[in-house]
Amino acid sequence: MKGKYYITTAIAYTSGKPHIGNNYEIVLADSIARFRRKEGYDVFFQTGTDEHGLKIEQQAEKAGLTPQAFVDEVAGVIRGLCDLLDISYDKFIRTTDADHMKQVQKIFRRLYEQGDIYKGSYEGLYCTPCESFWTESQLVDGKCPDCGREVKPAKEEAYFFRMSKYADKLIKHINEHPEFIQPVSRKNEMMNNFLLPGLQDLCVSRTSFQWGIPVDFDDKHVVYVWLDALTNYITGIGYDADGDSSQQYKKLWPADLHLIGKDIIRFHTIYWPIFLMALGEPLPKQVFGHPWLLQGDGKMSKSKGNVIYADDLVDFFGVDAVRYFVLHEMPFDNDGTITWELMTERLNADLANVLGNLVNRTISMSNKYFGGVVSRKDVRLTEGDAALDEDLKQVAAGAYAKCAAKMEELRVADALTEIFAVFKRCNKYIDETEPWALAKDPAKADRLATVLYNLTEGIVIGASLLEPFMPKTALKIASMFQCSLRSFDELGTFGLYPDGGKVTPKPEILFARLDVKEVMEKVNAMFDARRAEAAKASDAKATPAKEAPAGPKPMPEITYDDFSKLELKVGEIISCEPVPKSKKLLCSQVRIGSATKQIVSGIHKFYTPEEMVGKKVCVLVNLKPAMLAGVLSEGMLLCAEDADGGLALMAPEKDMPSGSVIC
């Protein structure tokens, strides 16, 4: 191991379902975490949800829910999107977690007792969505400088943090650690607009609402959301304000990277470091304020019914295509753009043509000319052959070093470009060597074998590099070449694919080309349906409610003896494929402890086979086997069904081992 690497994202605010622009950050962080793991670091990756504040209290009231019930629901949606996007987080923290709330109270009390927090009153202009007070001079065109929304006059008793006490110390730290705030443009903004002009004391409590962590020595106040939310980075790994912090905290802190959106850079590079200084804790090594992913034809708006959500994109394009797009299309320091048309074009050009077609052609030629056997002959018939081979080898073997250099600077889009340069070079190599022409001359069979070996080796190197960014795709490629993905330490060597290795007899289509017109027709129909549904819901609110129809007839009561006949266990889906004779059925191989069962389920409408693999599910194990569409099913996956017939797999709340008994 190279040492620890602690990476965090900003925790998502639970006011509603996040759109793809919000989800970009978690995919970006995941690619960095996976890359560092593969480099040999002991990575801890934390994300989660920010669940307190006036806005949530208001949203919960509108929804007719308690704030806790509201955030439970939204936090579930946010975590579900993380899982959908194949995010490899180590901890998902919620600011309603009891241990976090307890530490926030202890932190607040400690800062108060040491004189960093004092009691006063605040009068200013308040932005509810940002939960921030502003002075008149800080407004932009009379509106909140962060979000551009309306502000309203507000006055209340509050506790304040003495920010100016630590301002000079923070300025010194930033000047001595140029890597602390990245990109540099964010650093300049913080220094010139906030620190150098002088810091005002920060309001750190509220009395005008109740949904927050109570100040334990003055329960009329709740802790201001930023002091609550920012401290998750230390409370989540075992920080204790009384000095009894966990071994995990001592190992992981300071964080190696806080990955956040550029809109909250001020809170993370001014407020958060000052809080840490007051607590006597080291500052994070780096805060990276990434740009935004914007909708190309205008701002995403729920009122317009045009918001792009990650699960919609996954339904159309698949998980790894979405991961590739948001990572590849985001510049280092400028906002990126997403449209359905651009997403389709990128899938067709990069994923279907450059990558998918390359893999398919190489495997198909190996099967056609050599029965699937890949032999290392190292035969060159001309000096030109030698030059072509050497160039391909240099591009492939040199890709990791280039990619690693880009990742060191967090230039993830550029790192992906370096990886795809390998695949593009392989495609060019096919055009240069013309394997189909070599196949016509038996005397050139060994040269043909050499070409196909070099292509196979180049693809496996590229797939091994691709794993942190598109993990499922990388594994699929390796499985088709019937080999393992390589460690980064092995990628500088060309020629590790075993002589005599065999490719799969039938290559899988990694990415099917899509027709832009057909995609847009489906997208427009989806948005039309949502707008109609929203209008219907709006009309329903304005119309007196009718008596609800009677629900389904209750099932008869059962005894514990009846229930005890059911053998329910946690299973893990290790593979899944469509049932050939059915549009509704999926056939899953489910590992339950040391046993594996084949289970057929009518859930193809709601899940793709790729989404199923790796899921932990609840299984009825002792159901009598049955034949469904000609396929044996040896159990049942438990699902929840809503009033509209939508299905969702039931899964344990926490990660439980396969074979755990459900009781």
**Item:** Boolean, M343 is closer than 14 Å to G21 by Cβ and not in a helix (DSSP H, G or I)
**Value:** no
**Request:** Scan segment 36-60 for residues that are buried (at least 24 other Cβ atoms within 10 Å of the Cβ) and either in a helix (DSSP H, G or I) or free of Cβ contacts under 8 Å to residues at least 40 places away in the same chain (or both) and jot them down.
**Result:** I56
**Fill in**
Of the conditions (1) modelled with pLDDT of 90 or more; (2) in contact with a Ser or Thr (Cβ under 9 Å, 6 or more places away or on another chain), the single one that V184 does not satisfy is (2)
**Asked** Which residues, counting only those in segment 520-541, are surrounded by 11 or more Cβ atoms within 10 Å (Cβ to Cβ) and modelled with pLDDT under 90?
**Response** F527, D528, A529, R530, R531, A532, E533, A534, A535, A540
**Message:** modelled with pLDDT of 95 or more and of a type outside the set (K, R): is that true of T128 in this structure?
**Reply:** no
**Fill in**
When restricted to G3, G80, G16, the only residue modelled with pLDDT under 95 and of a type outside the set (F, W, Y) is G16
**Prompt:** Hey, does segment 286-301 have a residue that's aliphatic (A, V, I, L, M), closer than 28 Å to L195 by Cβ and part of a helix (DSSP H, G or I)?
**Reply:** no
**Request:** Check whether at least one residue in segment 636-655 is in a loop (DSSP other than H, G, I, E, B), touching a residue at least 24 places away in the same chain (Cβ under 8 Å), in contact with a Gly (Cβ under 8 Å, 6 or more places away or on another chain) and not hydrophobic (A, V, I, L, M, F, W, C), and report yes or no.
**Result:** no
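Considering segment 365-392 alone, what residues qualify as being in contact with a Gly (Cβ under 8 Å, 6 or more places away or on another chain) and either part of a helix (DSSP H, G or I) or loosely packed, with under 15 Cβ neighbours inside 10 Å (or both)?
Once the filter is applied, which keeps residues that are in contact with a Gly (Cβ under 8 Å, 6 or more places away or on another chain) and either part of a helix (DSSP H, G or I) or loosely packed, with under 15 Cβ neighbours inside 10 Å (or both), segment 365-392 yields S366, L392.
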**Answer residue from segment 10-25, given it is farther than 17 Å from V322 by Cβ and of a type in the set (S, T, N, Q) and is surrounded by the most Cβ atoms within 10 Å (Cβ to Cβ) among those** = T14
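The values are calculated or read from the model by the stated rules, or taken from the named source; none is laboratory data. Note that the structure is a prediction, hence the values are computed from the model and not measured. We place every Cβ from the backbone using ideal geometry, glycine too, and count neighbours over all the protein chains shown.
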